[in-house]
1. Quick one: if you stick a label point 7 Å off each Cα along the C-beta vector at H100 and Q54, how many nm between them?
2. Taking the Cβ of G122 as the centre, find all other residues whose Cβ is under 12 Å away and add up their charges (Lys, Arg: +1; Asp, Glu: -1).
3. Mind listing which GluC sites (Glu not before Pro) in the range 5-99 are in a DSSP loop and have 15 or fewer other Cβ atoms within 10 Å?
4. Nearest 0.05, what FRET efficiency do S119 and A89 give at R0 = 25 Å with Cβ-Cβ as r?
5. Relative contact order for the chain: what percent, with Cα pairs under 8 Å and sequence separation of 6 or more?
6. What net charge is computed for the residues neighbouring D16, neighbours being all others with C-beta under 12 Å from the C-beta of D16, Lys and Arg scored +1, Asp and Glu -1?
7. Run the numbers for N47 and F24: contour at 0.36 nm per residue of separation, minus the present Cα-Cα distance, in nm.
8. How large, in percent, is the carbon and sulfur part of the accessible surface of the chain at a probe radius of 1.4 Å?
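The values are calculated or read from the model by the stated rules, or taken from the named source; none is laboratory data. What you are looking at is a predicted structure, and each value in this text was computed from that prediction instead of being measured. With ideal geometry, Cβ positions are generated from the backbone for all residues, glycine too; neighbour counts draw on all protein chains shown. Heads up: the accessible areas ignore ligands, DNA and RNA and are worked out on the full protein's heavy atoms, side chains in. Shrake-Rupley method; radii C 1.70, N 1.55, O 1.52, S 1.80 Å.
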Amino acid sequence: MYADTVDTVEKRTQFDKVELNIEFKRDSLYDPFVDSGVPGFEAQSHNSRDTRSQLTHYTTEIFSRQHRLFTFTLFICHEQARFIRWDRAGAIVSAAFNFHQDPRPLVEFLWRFSHSTPSERGHDPNVRAATDTEAKIA
């Protein structure tokens, strides 16, 4: 998801402008996490590991291109959704919920996210663009 001012005509991911990473998978076999009492929470199938790697790669790209303290991913897999909050130390993963049966968590997250400030979305408030004078010196 991008800000309204981002030109998306080229139909390519612009990691330097992503506000919220949203990833969709049609089949639950791709869910990278498990919520059952199994030790650990990382699913171990090949598809699950690939998805986890993909999510990590996207987050790394966002952190590499933006001054971020943290970022969010909305992961939707079949009828289930999860929220992931990433920072440079790791990730916090929510339990999956069926957004068809109970869409409230999804709707509330998206409403809150759309009304949040850049710093509440994870942008580092201590970083600003260089002034013209600073850019000339650099």
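1. That separation, rounded to one decimal, is 2.0 nm.
2. 0
3. Working: sites: E10, E19, E23, E42, E61, E79; in loops: E10, E19, E79.
Answer in residue order: E10, E79.
4. Approximately 0.85, to the nearest 0.05.
5. Over the chain, the number comes to 20 percent.
6. Its environment carries a net charge of +2.
7. 6.9 nm
8. 54 percent
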